[in-house]
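A.B. asks: Right, I'll just put the structure down here and ask away after.
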Amino acid sequence: MNKSIFLLLIAIITCTSCKKKEVISEIPVHKFHIPTTISEEAQHILNKWSLEERNKSAHLPKANAPIEVWEQKQKEFQSYAEKPLPKLLEIYQPTIDTLFKGGIRAISIRPKNYKKSNKVVIYIHGGAFTFYPADVTLLSSVPLANKSGLKILSIDYTLAPQAKFNQISNEVISFYQALLKQYEPGNIAFYGDSAGAAIAVSSILKMRDQKINLPGALVLWSGWFDIHEIGDSYFTLKDNDPNLVFDDFLENCAEAYAPKSAWKNPYVSPIYGDYTKDFPPTLIQVGSKEIFLSNSIRLYRNLIENNKTVSLDVYEGMWHVWQGYYTIPESKIAINNTKKFIFKHLNINPQ
């Protein structure tokens with residue numbers, strides 16, 4: 001899920017407008033450990049957060065709440081997500097356009113000085129299945145487009161609870177199939193963060209079951225691959241994750257996405273998929289402070305035990321979708337590793 005981007009955005013807005021000495025004097029009370037083994041920039045961000053504030057903001061409508069209630073909450077999250085975008089766009093100066101493929105809307109992100117290529121990246125954004133239009137998820141796409149030089153197409157899938165899991169994955173597949181008229185499957189990479197990572201894997205499993213040619217590479221950032229509260233880190237990191245809370249937040253989003261009776265369906269929680277069959281080369285990135293850490297470890301084990309090409313890239317002290325904090329060293333390293341993985345499996349020669 002991408003609850004962290006909500007907090008991430010607030011942190012970027014506040015920390016970029018404060019002097020260091022002011023930040024130190026305003027450090028909130030928190031009980032989670034801030035490691036000295038991470039960059040000073042990352043420590044600075046963690047120092048701005050507290051479990052108290054995390055828990056205070058972790059309340060969402062129930063899955064069966066009136067749609068108007070969800071729409072209001074979605075507007076609130078969108079308004080926060082929009083605030084850091086002018087600074088991002090000023091720094092990177094990408095070209096942003098809207099397009100439609102297979103009747104599905106997407107945002108095209110081309111980096112500054114883009115050179116036309118027969119390679120392309122599809123991005124499935126996070127947001128706990130329930131939040132953000134693709135237009136405001138640029139923190140996780142613009143820096144990668146800039147680093148790789150590739151065009152990124154961010155699918156603007158219908159959010160839950162307005163849509164359920166099958167409709168959402170079908171929208172991803174419709175977009176991908178339409179793109180196959182323009183690109184070879186081996187020249188397309190998928191990547192997703194948080195809930196978007198889960199949607200990406202589920203969609204690929206469904207495409208495989210439908211005998212559709214699979215993309216050439218898959219990158220997963222902080223994936224929510226099992227929407228149950230299952231896995232060791234859900235419990236061991238419960239009071240050390242600065243962003244994610246299951247009760248009354250993740251759980252509500254999960255039920256808005258799929259009924260509990262379907263939570264072990266691989267098209268909902270792809271951790272339960274069959275990985276004995278074809279699957280694209282996969283890079284999994286996760287931070288050691290995320291309650292989703294076990295999700296990534298479990299998916300990695302499923303893939304590696306079935307002799308699939310997979311890399312598990314774990315980052316010390318990092319929180320959920322830290323890659324979106326484009327100014328910190330750990331983000332730059334993760335984005336560069338993502339680029340290298342995509343280049344390798346899409347047979348792109350580094351310039």
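A.B. asks: Identify, from the list D97, D135, the residue that is part of a strand (DSSP E or B) and among the charged types (D, E, K, R).
C.D. replies: That would be D97, the only listed residue that is part of a strand (DSSP E or B) and among the charged types (D, E, K, R).
A.B. asks: Does A262 fit the bill of being touching a residue at least 40 places away in the same chain (Cβ under 8 Å), hydrophobic (A, V, I, L, M, F, W, C) and surrounded by fewer than 19 Cβ atoms within 10 Å (Cβ to Cβ)? Don't jump to the end; show me each part of the working.
C.D. replies: Values: touching a residue at least 40 places away in the same chain (Cβ under 8 Å): yes; hydrophobic (A, V, I, L, M, F, W, C): yes; surrounded by fewer than 19 Cβ atoms within 10 Å (Cβ to Cβ): yes.
Yes.
A.B. asks: Exactly one condition in (1) farther than 27 Å from D274 by Cα; (2) surrounded by fewer than 22 Cβ atoms within 10 Å (Cβ to Cβ) is not met by Y300; state its number.
C.D. replies: It is condition (1) that Y300 fails.
A.B. asks: Does G231 satisfy the criteria of being of a type in the set (G, A, S), within 19 Å of S148 (Cα to Cα), surrounded by fewer than 22 Cβ atoms within 10 Å (Cβ to Cβ) and out of contact with any strand residue (DSSP E or B) (no Cβ under 7 Å at 6 or more places or on another chain)?
C.D. replies: In short, no.
A.B. asks: Please verify whether I107 is over 13 Å from the mean Cα position of the chain (by Cα) and modelled with pLDDT of 95 or more, treating the condition exactly as stated.
C.D. replies: Yes.
A.B. asks: While we're here: Can you tell me which residue among P94, P61, P86, P66 is touching a residue at least 60 places away in the same chain (Cβ under 8 Å) and at negative phi? Break it down into steps so the answer makes sense when it comes.
C.D. replies: Details: P94 fails: touching a residue at least 60 places away in the same chain (Cβ under 8 Å); P86 fails: touching a residue at least 60 places away in the same chain (Cβ under 8 Å); P66 fails: touching a residue at least 60 places away in the same chain (Cβ under 8 Å).
Only one candidate passes the filter, namely P61.
A.B. asks: Something else: Residues that are surrounded by 14 or more Cβ atoms within 10 Å (Cβ to Cβ) and at pLDDT 70 or above: list the helices (runs of 4 or more DSSP H) wholly contained in the range 1-81 that include at least 2 such residues.
C.D. replies: Where helices (runs of 4 or more DSSP H) fall fully within the range 1-81 and carry at least 2 residues being surrounded by 14 or more Cβ atoms within 10 Å (Cβ to Cβ) and at pLDDT 70 or above, they are 40-46, 51-57.
A.B. asks: Then there's this: Could you say which residue among D278, D239 is of a type outside the set (S, T, N, Q), at pLDDT below 95 and surrounded by fewer than 21 Cβ atoms within 10 Å (Cβ to Cβ)?
C.D. replies: Numbers: D278 fails: at pLDDT below 95.
Just a single option satisfies the conditions, and that option is D239.
Yes/no matrix, rows are residues, columns are (1) of a type in the set (K, R); (2) surrounded by fewer than 24 Cβ atoms within 10 Å (Cβ to Cβ):
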| site | (1), (2) |
| --- | --- |
| K87 | yes, yes |
| D97 | no, yes |
| Y123 | no, no |
| T158 | no, yes |
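A.B. asks: For residues that are in a helix (DSSP H, G or I) and of a type in the set (A, V, I, L, M), tally how many sit in the range 153-188.
C.D. replies: Here the count works out to 5.
A.B. asks: Return only the number of the condition from (1) buried (at least 24 other Cβ atoms within 10 Å of the Cβ); (2) of a type outside the set (A, V, I, L, M, F, W, C); (3) closer than 27 Å to I34 by Cα that S269 does not satisfy.
C.D. replies: Status for S269: all satisfied but (3).
A.B. asks: Look at S222 and say whether it is surrounded by fewer than 24 Cβ atoms within 10 Å (Cβ to Cβ), under 30 Å from H44 (Cα atoms) and in contact with an Asp or Glu (Cβ under 8 Å, 6 or more places away or on another chain).
C.D. replies: no
A.B. asks: Same structure, new question: Kindly provide the set of residues from the range 86-104 that are more than 21 Å from the chain's Cα centre (by Cα) and of a type in the set (F, W, Y), ordered by number.
C.D. replies: F100
The values are calculated or read from the model by the stated rules, or taken from the named source; none is laboratory data. Only a predicted model underlies this, so the values are computations on that prediction, with no experimental measurement involved. We place every Cβ from the backbone using ideal geometry, glycine too, and count neighbours over all the protein chains shown.
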